[in-house]
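**Q** Just dropping this structure here.
The values are calculated or read from the model by the stated rules, or taken from the named source; none is laboratory data. Predicted model only: the values in this text are computed from it and were never measured. Here Cβ is always computed from backbone atoms with ideal geometry, including for glycine, and neighbour counts include all displayed protein chains.
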Amino acid sequence: MTEFVSIDATTLATTDAYRLLIGCVTPRPIAWITTVDAQGVVNAAPFSSFNYVAHSPPMLAVNIGSREGKLKDTAQNIVESGEFTVNAATESNMELMHQCSAEYPPGVSEVEALGIELLPGTKVRTPRIACSPIQMECRLEQVIKLGRGLNTLYIGEIVAFHLSTDIYDGRSVDSIKMRPVARMGGPYYAALGEIFNRPALAKPPQ
Ligand SMILES: Cc1cc2nc3c(=O)[nH]c(=O)nc-3n(C[C@H](O)[C@H](O)[C@H](O)COP(=O)(O)O)c2cc1C
């Protein structure tokens, strides 16, 4: 029989809780987020504590942790500008996306440093990343501080989708063709493995 280790989560140290979470909640989609600061400098960084949380209207949420008591550049820019753009991470842009997680000082653009090509925003000022096949422009909807204050959830309403015709047929996104990458417990990423096709079940099987 399988043996289980049971852990009281209510008394866990923050670092232990983090280590467990990033191993337990996998694979996670990755939001490669672009933002703009007050001087117009474009910032880009990946976040995997991320998902869609509503569809009427469509909304995305990302949890950004603080760094040494200060907001990360992405969070600071989201709060100041009230907007952000989520670009999808794929096998072909993974290396560039990963490079963006290095700690560039505020005011230094990862985008310029790494030579990332941008496309202009349409409904927001924030530009999008050209080598990402899906770019979602968001207006900040809610900011929710969580727990002991280390984590903050930023919820944005998607105000524009930009979808590459390589993966969008005018109706649906071909998420298999897109070759998304996901975050496992660091330092691992994962690509798609076997794909299973099961029709949606409106009622329990009889
Ligand atoms: C794949 C990946 C996922 C990440 N997910 C998160 C996350 O969900 N929340 C977070 O605060 N940091 C996350 N990070 C760390 C940030 O990317 C990192 O702190 C980055 O330097 C923040 O950049 P900024 O200061 O320009 O916003 C992640 C890093 C990687 C590589």
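**Q** What single numbered condition from (1) outside any loop (DSSP other than H, G, I, E, B); (2) more than 23 Å from T26 (Cβ to Cβ); (3) among the β-branched types (V, I, T) fails to hold for V124?
**A** That leaves (1) as the condition not met.
**Q** Being modelled with pLDDT of 95 or more, under 16 Å from F47 (Cα atoms) and hydroxyl-bearing (S, T, Y) is true for just one of Y104, Y188. Which residue is that?
**A** Numbers: Y104 fails: modelled with pLDDT of 95 or more.
Criteria check complete, one pass: Y188.
**Q** Separate question: Report, ordered by the first and then the second residue, all pairs with beta carbons closer than 9 Å, sequence separation of six or more or different chains, a first member in the range 1-28 that is among the basic types (K, R), and a second member that is part of a loop (DSSP other than H, G, I, E, B).
**A** R19/G185; R28/S48; R28/S49; R28/M184
**Q** Please enumerate the residues belonging to the range 119-146 that are free of Cβ contacts under 8 Å to residues at least 40 places away in the same chain and more than 20 Å from Q39 (Cα to Cα). Outline the logic, then answer.
**A** Let us first name the residues in the range 119-146 that are free of Cβ contacts under 8 Å to residues at least 40 places away in the same chain, namely 120-121, 123, 130-131, 142, 144-145.
Result: A130, C131, Q142, I144, K145.
**Q** Could you look through the range 22-41, keep only residues that are assigned to a strand (DSSP E or B) and of a type in the set (S, T, Y), and pick out the one that is farthest from the ligand (Cβ to nearest atom)?
**A** The extreme case among them is T34.
**Q** Is at least one residue of the range 42-63 within 13 Å of the ligand (Cβ to nearest atom) and part of a helix (DSSP H, G or I)?
**A** Taking the range 42-63 as the starting set, the residues that turn out to be within 13 Å of the ligand (Cβ to nearest atom) are 42-51, 60-63.
With part of a helix (DSSP H, G or I) added as a condition, the list becomes none.
Checked against the condition, which is being within 13 Å of the ligand (Cβ to nearest atom) and part of a helix (DSSP H, G or I), the range 42-63 yields no hits at all.
**Q** Would you pick out the residues in the range 147-167 that are free of Cβ contacts under 8 Å to residues at least 24 places away in the same chain and over 18 Å from F47 (Cβ atoms)? Steps first, answer last, please.
**A** Within the range 147-167, the first condition is being free of Cβ contacts under 8 Å to residues at least 24 places away in the same chain, and the residues that meet it are 147, 165.
Of everything in the range 147-167, just one residue is free of Cβ contacts under 8 Å to residues at least 24 places away in the same chain and over 18 Å from F47 (Cβ atoms), namely T165.
**Q** Test M97 against the stated conditions and say whether it is within 13 Å of the ligand (Cβ to nearest atom), modelled with pLDDT of 95 or more and in contact with a Phe, Trp or Tyr (Cβ under 6 Å, 6 or more places away or on another chain). Quick ask: steps written out before the conclusion?
**A** Numbers: within 13 Å of the ligand (Cβ to nearest atom): yes; modelled with pLDDT of 95 or more: yes; in contact with a Phe, Trp or Tyr (Cβ under 6 Å, 6 or more places away or on another chain): yes.
When the stated conditions are applied, M97 passes them.
**Q** Determine, yes or no, whether A75 is more than 10 Å from the ligand (Cβ to nearest atom) and within 23 Å of G186 (Cβ to Cβ). Lay out the reasoning, then the answer.
**A** Values: more than 10 Å from the ligand (Cβ to nearest atom): no; within 23 Å of G186 (Cβ to Cβ): yes.
Here the answer is no, as A75 does not meet what is asked.
**Q** Can you tell which of E103, E112 is out of contact with any Cys (no Cβ under 8 Å at 6 or more places or on another chain) and within 12 Å of the ligand (Cβ to nearest atom)?
**A** Details: E112 fails: within 12 Å of the ligand (Cβ to nearest atom).
E103 is the lone residue from the list that is out of contact with any Cys (no Cβ under 8 Å at 6 or more places or on another chain) and within 12 Å of the ligand (Cβ to nearest atom).
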